[in-house]
Amino acid sequence: MNLYPLGLRLAGRRVLVVGGGAVATRRVPALLDAGADVLVVSPGLTPALHGMADAGRLTWRRRRFEPADLDGVWLVQVAVDDPAAAAEASSAAEERRIFCVRADDRTEATAWTPAVTRHGPVTVAVIGGGDPQRAVRVRDAIRHRLADGTIPVAVSPPGPAGHTGAEPVEPAERAGRVFLVGAGPGDPELITVRGRRLLAEADVVVADRLVPGLLLDELPAQVELIDAAKIPYGPAAAQEEINRLIVDRARRGATVVRLKGGDPYVFGRGGEELSACLRAGISVSVVPGVTSSIAAPAAAGIPVTHRGVAHEFTVVSGHLPPEHRLSLVDWAALARLRGTLVILMGLKNLPAIVAVLLANGRPANTPAAVVQEATTGGQQTIRSNLGDVVAAVAAAGLRPPAVVVVGAVVTALDPTDPD
Ligand code: SAH
């Protein structure tokens, strides 16, 4: 017999989960995500479920199932190993005509749960005809194709009054949107899932030089790619022009992805672009990214904090020399800190930065490292100390983009370190 698929709207509706073990732990999050009023009946709970109960996200009855637990329930998930206990709960549900999913025996269940993937507003649910592995394989193939854009998820904008939907909507009739997306530090796998999805949906991509080229390679030919080319120490496309471009494309109805290296708000001028969109009345949102200030040290085996070593990390821009009249950084104060100092855009001014740190008391033997082009094929790391790091950078011929890390964390995980 064929199944009859449904999308259940569970918000505020009670769902009973019988059992508090590993299977229940996997089932409960999706129920909570759907807004269900989750009741778990079980003598014990896994730590994860315990946490959810403590946080008030679900109700826990600390005992075995009783038929009265079905009062007011719309759906039952039976997630216990003991076949007799599972059968008791499921036959009680059957008596009351409440649909019941059984983890232990799908042939006895009145409902099956599909393998699910979500892509923005679209939910894909796959049932493998009784073979869960098949469902997962098909689901994964669909998920992959949704993510790379080969299954297009067109945005269907509300047409103007009287629009039949039969003819294509003119671009100007669509509401454009802007997403400021962090692309991560360089490895194309280090963009977020949401960032990658939005990239697959974009009509226009405005990219910095520091975004991973491989992400741009994957864009379909019809996507307009604008290179914002804000090259460090090179010719910079004026920020005004970038703001104007993204606003202009969105006004024409495009979905614009402004793709920025690392995180959009870490020395990324994301705030200016957000303000420009808001001033123009354009819908805009930010998708955070993996910032190089944490990922570059990590890629070189340096944790920005470490138990017993550093209880703080400070991220600072070195693009202006310490004495510059526009500098907002209190370098003398930073020199007095004992934790980790991470300097971005700091290579050109490194001699002056090191001098001011030493002059204000940071010891010359403080470990220091420089990581160039972290998480890419061009990654290079030098390890030194504050007194010698300038010479070491010159000797290795390091170039931007690079992150400078100062502090004891540099040697915290180094097995060759005598300490
Ligand atoms: N928004 C970005 C930083 C932009 S400022 C982020 O969150 O990562 C540009 C600086 O970031 C570069 O000068 C360099 O200091 C650092 N940077 C970016 N990508 C890097 C990488 N892959 N390796 C080392 N440093 C990097």
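The values are calculated or read from the model by the stated rules, or taken from the named source; none is laboratory data. The model shown is predicted, which means the values in this text are computed figures rather than measured ones. Heads up, the Cβs are rebuilt from the backbone with ideal geometry, glycines too, and the neighbour counts pull from every protein chain shown. Keep in mind that these areas ignore ligands, DNA and RNA; they rest on the heavy atoms of the full protein, side chains included. Shrake-Rupley method; radii C 1.70, N 1.55, O 1.52, S 1.80 Å.
For region 209-218, the candidate set comprises residues that are farther than 16 Å from Ala402 by Cα and modelled with pLDDT of 85 or more; within that set, the residue that is most open to solvent (accessible area, probe 1.4 Å) is Leu216. Looking across Glu272, Glu241, one residue alone is of a type in the set (D, E, K, R) and either over 24 Å from the mean Cα position of the chain (by Cα) or surrounded by 17 or more Cβ atoms within 10 Å (Cβ to Cβ) (or both). It is Glu241. Residue under question is Ile382, and the condition is that it be part of a strand (DSSP E or B), within 15 Å of the ligand (Cβ to nearest atom) and closer than 27 Å to Gly308 by Cα; does it hold? So Ile382 passes the test. Screening region 98-140 for residues that are polar (S, T, N, Q) and in contact (Cβ under 8 Å) with a residue 40 or more places away in the chain and picking the one that is least open to solvent (accessible area, probe 1.4 Å) gives Thr113. What are the residues in region 278-318 that are farther than 27 Å from Leu198 by Cα and touching a Pro at 6+ places or on another chain (Cβ under 8 Å), if any? Within region 278-318, Pro297, Pro303, Val304 meet the criteria. Considered as a group, the residues in region 48-71 that are open to solvent by less than 60 Å² (accessible area, probe 1.4 Å) and over 32 Å from the mean Cα position of the chain (by Cα) include one that is farthest from Glu95 (Cα to Cα), and that residue is Phe65. Tyr233 falls short of the stated requirement of being part of a loop (DSSP other than H, G, I, E, B), in the same structural domain as Phe179 (by TED's automatic domain parsing), at pLDDT 95 or above and open to solvent by 30 Å² or more (accessible area, probe 1.4 Å). One residue stands out among those in region 172-198 that are open to solvent by less than 10 Å² (accessible area, probe 1.4 Å) and among the hydrophobic types (A, V, I, L, M, F, W, C): the one that is modelled with the lowest pLDDT, which is Leu198.
Set side by side, the residues Val309, Val304, Val329, Val316 differ, and just one is surrounded by 16 or more Cβ atoms within 10 Å (Cβ to Cβ) and over 29 Å from the mean Cα position of the chain (by Cα), which is Val329.
Considering the conditions (1) within 16 Å of the ligand (Cβ to nearest atom); (2) surrounded by 19 or more Cβ atoms within 10 Å (Cβ to Cβ), Ala254 is excluded by exactly one of them, (1).
Comparison of Val342, Val354 shows that the only residue that is over 32 Å from the mean Cα position of the chain (by Cα), within 16 Å of the ligand (Cβ to nearest atom) and not in a loop (DSSP other than H, G, I, E, B) is Val354. With respect to being among the small types (Gly, Ala, Ser) and either more than 9 Å from the ligand (Cβ to nearest atom) or touching a Ser or Thr at 6+ places or on another chain (Cβ under 7 Å) (or both), Gly318 falls outside the description.
Looking across Gly289, Gly346, Gly361, one residue alone is at positive phi, touching a residue at least 12 places away in the same chain (Cβ under 8 Å) and out of contact with any Cys (no Cβ under 8 Å at 6 or more places or on another chain). It is Gly361. Could you tell me whether Ala221 is away from the ligand (no atom under 16 Å from the Cβ) and modelled with pLDDT of 90 or more? Against the criterion (away from the ligand (no atom under 16 Å from the Cβ) and modelled with pLDDT of 90 or more), Ala221 does not qualify.
Yes/no matrix, rows are residues, columns are (1) open to solvent by less than 40 Å² (accessible area, probe 1.4 Å); (2) under 14 Å from Leu75 (Cβ atoms); (3) assigned by TED's automatic domain parsing to the domain that holds Leu75:
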site	(1), (2), (3)
Leu8	no, yes, no
Val18	yes, yes, yes
Val23	no, no, yes
Arg27	no, yes, yes
Ala30	no, yes, yes
Ala34	no, yes, yes
Asp37	no, yes, yes
Val40	yes, yes, yes
Thr46	yes, no, yes
